[in-house]
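Taking it in order: structure first as structure tokens, then the write-up.
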Amino acid sequence: MDLKLAGSIQSIDLIVFDCDGVLLDSMPAKIESFRAWVPERFADKRQTFMELVMAGFGKARTHHIRSFYEQIVGESVSPEFLEAEVARFTDICEPRCANASWRVGSQEFVTECCRAGIPRYVLSGTPQQPLEAMLAATGAAKYFDVIIGSPPAKPKSLSRILAETGIAADRTVFVGDAHADQEAARHVGAHFVYFPSEANRPLGPIDTEVDDLRQLLV
């Protein structure tokens, strides 16, 4: 499939999408869910936590919650406690995301990818079961060949995708909206397409940026 990347037309054999803020307009719900998750006894630390979340979107919710306790509160947490807190966040978050709509242009772009027969993967920092449930609830799951949640982190999962498909990194695109997505693409040497959302802008230079995925079509 030919796409407009970095100012030229390039042939691509695999496309990988982040979910929140790229396929689905679910970022506002995710942001408010993190805000609502903060225990009331730590309400004075909510803003500090939200700054950490906004800078770290694309990473697993487990990472954010562990960072809240260990970096902001200064408490170590057991695996059992962490699992319970992640489950509490999931209970807050998933109902809010269940009715998320596609981002403008994303469904049309993915449909064109389907017509071209190019393999389509979803790679998200959301855990596997909630990710599958959200994509199914919004009717998006049927458009994708493989859906991958966390763990592991995106760089490791993207490396595994390339190894399993046998597709070269320079013929692969990862579409994301956060620094963690850019890092994953750089880790394997894939093209990175930045589709801005409410998440903080990636820190590194960006070769391809769009405000509608249809802008990638030739």
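Below is a table of values for the structure above.
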{"item": "Every residue from the range 99-126 that is open to solvent by 30 Å² or more (accessible area, probe 1.4 Å) and either more than 30 Å from residue 4 (Cβ to Cβ) or not small (Gly, Ala, Ser) (or both)", "result": "99, 102, 103, 104, 107, 108, 111, 112, 114, 115, 119"}
{"item": "Some residue of the range 124-132 being out of contact with any Phe, Trp or Tyr (no Cβ under 8 Å at 6 or more places or on another chain), within 25 Å of residue 168 (Cβ to Cβ) and not in a loop (DSSP other than H, G, I, E, B)", "result": "yes"}
{"item": "Tally, over the range 135-167, of residues that are in a helix (DSSP H, G or I), more than 13 Å from the chain's Cα centre (by Cα) and under 18 Å from residue 98 (Cα atoms)", "result": "5"}
{"item": "Which listed residue is touching a Lys or Arg at 6+ places or on another chain (Cβ under 9 Å) and either in a helix (DSSP H, G or I) or closer than 20 Å to residue 34 by Cβ (or both), from 181, 170", "result": "181"}
{"item": "Qualifying residues in the range 166-206 (those that are hydroxyl-bearing (Ser, Thr, Tyr) and in contact with a strand residue (DSSP E or B) (Cβ under 6 Å, 6 or more places away or on another chain)) - the one nearest to residue 24 (Cα to Cα)", "result": "194"}
{"item": "Some residue of the range 34-51 being closer than 22 Å to residue 105 by Cβ and touching a residue at least 24 places away in the same chain (Cβ under 8 Å)", "result": "no"}
{"item": "Pair list, Cβ under 8 Å, 6 or more apart: the range 1-14 residue closer than 10 Å to residue 208 by Cβ, other residue β-branched (Val, Ile, Thr) and open to solvent by 50 Å² or more (accessible area, probe 1.4 Å)", "result": "3/9; 3/218; 4/218"}
{"item": "Positions within the range 124-134 being of a type outside the set (D, E, K, R) and under 18 Å from residue 101 (Cα atoms), in sequence order", "result": "124, 126, 130, 131, 133, 134"}
{"item": "Yes/no for residue 131 being under 18 Å from residue 21 (Cβ atoms) and either among the aliphatic types (A, V, I, L, M) or surrounded by fewer than 16 Cβ atoms within 10 Å (Cβ to Cβ) (or both)", "result": "yes"}
{"item": "Selection count where residues are without any contact (Cβ under 8 Å) to a residue 24 or more places away in the chain and either touching a His at 6+ places or on another chain (Cβ under 7 Å) or not in a loop (DSSP other than H, G, I, E, B) (or both), scope the range 187-201", "result": "2"}
{"item": "Of all residues in the range 175-215 being among the β-branched types (Val, Ile, Thr) and under 13 Å from the mean Cα position of the chain (by Cα), the one that is surrounded by the fewest Cβ atoms within 10 Å (Cβ to Cβ)", "result": "175"}
{"item": "Count of the range 141-173 residues which are surrounded by 15 or more Cβ atoms within 10 Å (Cβ to Cβ) and among the basic types (Lys, Arg)", "result": "2"}
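The values are calculated or read from the model by the stated rules, or taken from the named source; none is laboratory data. Note that the coordinates shown come from a computational prediction; the quantities given were computed from them, not determined experimentally. When we count neighbours, we look across all protein chains shown, and the Cβ atoms used for this are built from the backbone with ideal geometry, even at glycine. Keep in mind that these areas ignore ligands, DNA and RNA; they rest on the heavy atoms of the full protein, side chains included. Shrake-Rupley method; radii C 1.70, N 1.55, O 1.52, S 1.80 Å.
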